[in-house]
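Accompanying notes for the structure given below.
The values are calculated or read from the model by the stated rules, or taken from the named source; none is laboratory data. The model shown is predicted, which means the values in this text are computed figures rather than measured ones. We place every Cβ from the backbone using ideal geometry, glycine too, and count neighbours over all the protein chains shown.
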Amino acid sequence: MTKKKKNAFAASRRDFIKNSAIASSFFIVPRNVLGGVGFISPSDQLNIAAIGAGGKGKSDIKNASVNGRERVVALCDVNFSGSAADSVKAFPKAKLYADYRKMLDEMKDIDALTISTPDHVHGPAAKFAMERNKHVYVQKPMTHNIREARLLTQMARTQKVVTQMGNQGASNPYLDLVKGWVNSGKLGKIAKVQIWTNRPVWPQGGEMPKPDASKKPKDLDWDLWLGPAEFKPYTPNIEPFNWRGWWDYGTGALGDVGCHLIDIPFRTLGLHYPIDAECSVASVFSKMWNADYHPEGCPPSSFITLHFGATAKSQSPIEMTWSDGGIRPSHPDIIPADDDIGGPKSSNGVLIIGEKGIISTNINDSSPLTPKLYMNDGTKNLVRQAAMKPSRNTVINVSGWMPARQVSTALSIKLLLLLLIMPAR
């Protein structure tokens, strides 16, 4: 190759990385596509940063860096003495910030960010970054409410930035197997889908802990952790994880794993918006005849029914039910009593029920996804984990991807369900 051709190739690679932005960070791509094996010059690397460097953020920024192929230039977290310390150790050259606004105002050369904070900060942080033409990867749920979701969807189009929502299992190759079973007509007409989870596995349904500023961790910036939420003195047992059960910060069991479970039938059956929705929630009684009332928190369990019109894949109206708090559907007669439904111990799962049989799958996150097909005639197809492996040249999305329109629709459905659960304020 001549020197002129080499320079042109290098320039085109830089353009590919910078302009299509994130293709190299959020996807694992064969090296021959990006310029061969060996050293990658600094000018060919993306400058990426993390807003939320601990917990899920730790693995998100690690995956985005592709084992050091891209340059992590900054880490933002409100407490670097927690699990975010592991990210500091992994990326010793990264600048550290507590406030993402200061980080983005000072570091103009950041190309893209991972955003892995509590739910209530997803929207504000993504908006602030996208306004500055930064490409963003935002952990699920994409936003804390419907308005934020619509705002970010429009902003991504206006700003022409690449966006991605974290739904770790959305690119699992086993989902193609489930789609194949449905598309081939093995189940016949499908009229029912049942979805359930053992979440919440954190405190939920009780009274909010009392504020106690004396218990605040020394290195935690509580004001920045609260972000857009109403100010209150430091409250123990909320961060770094139990915030999920409080409406000001989290979205409960549905917001935590709804995208991993509902995503499977939503995409497999080609669903759109529901025709109607109905919800009931459990009560907690600390004294006889008087149910506890804690509107600031999510319910201990809920049961939701959605109805969808016929689609090209289902060819009949579909009833979908969601239950959380450990409430699961009855064990179908055609599934042997010794077989789990859904995942291990039947804790989480999806049943797609047709006139000829049933598909059972596990939660679509980092757990092993093992689809099972049970036919009314007694035959079954149980897939082993080793049965399907991506080829060496497969482009694997390490965090999941959905087109903006599909994300917006799916998220709107999930947020609609959350509105059904949330008490009037």
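The set of residues from the stretch 232-243 being in a helix (DSSP H, G or I) and of a type in the set (A, V, I, L, M, F, W, C) comprises just one member, Trp243. Go through the stretch 206-219 and report how many residues are out of contact with any Asp or Glu (no Cβ under 8 Å at 6 or more places or on another chain) and in contact (Cβ under 8 Å) with a residue 24 or more places away in the chain. The number of residues fulfilling the criteria is 7. The lone criterion from (1) within 26 Å of the chain's Cα centre (by Cα); (2) hydroxyl-bearing (Ser, Thr, Tyr); (3) in a helix (DSSP H, G or I) left unmet by Ser214 is number (1). In the stretch 310-336, of all residues being at pLDDT 95 or above and of a type in the set (Gly, Ala, Ser), the one that is farthest from the chain's Cα centre (by Cα) corresponds to Ser330.
All of (1) at pLDDT below 95; (2) of a type in the set (D, E, K, R); (3) touching a helix residue (DSSP H, G or I) at 6+ places or on another chain (Cβ under 9 Å) hold for Asp176 with one exception: (3). In the set His307, His260, only one residue is closer than 25 Å to Pro203 by Cβ and either surrounded by fewer than 23 Cβ atoms within 10 Å (Cβ to Cβ) or touching a residue at least 24 places away in the same chain (Cβ under 8 Å) (or both); that residue is His260. Of the helices (runs of 4 or more DSSP H) lying entirely inside the stretch 90-183, those containing at least 2 residues that are in contact (Cβ under 8 Å) with a residue 12 or more places away in the chain and surrounded by fewer than 20 Cβ atoms within 10 Å (Cβ to Cβ) span 119-131, 146-159, 174-183.
Listed conditions (1) within 23 Å of Gly255 (Cα to Cα); (2) at pLDDT below 95; (3) of a type in the set (Val, Ile, Thr) are all met by Thr117, apart from (2).
Which residue is modelled with the lowest pLDDT, if the candidates are limited to the stretch 244-294 and must be of a type in the set (Phe, Trp, Tyr) and part of a loop (DSSP other than H, G, I, E, B)? Checked the stretch 244-294; the qualifying residue modelled with the lowest pLDDT is Tyr273. With respect to the conditions (1) surrounded by 22 or more Cβ atoms within 10 Å (Cβ to Cβ); (2) assigned to a helix (DSSP H, G or I); (3) of a type outside the set (A, V, I, L, M, F, W, C), Gly342 lacks only one, and its number is (2).
Among the residues of the stretch 267-295, those that are under 26 Å from the mean Cα position of the chain (by Cα), of a type in the set (D, E, K, R) and surrounded by fewer than 14 Cβ atoms within 10 Å (Cβ to Cβ) comprise Asp276, Glu278.
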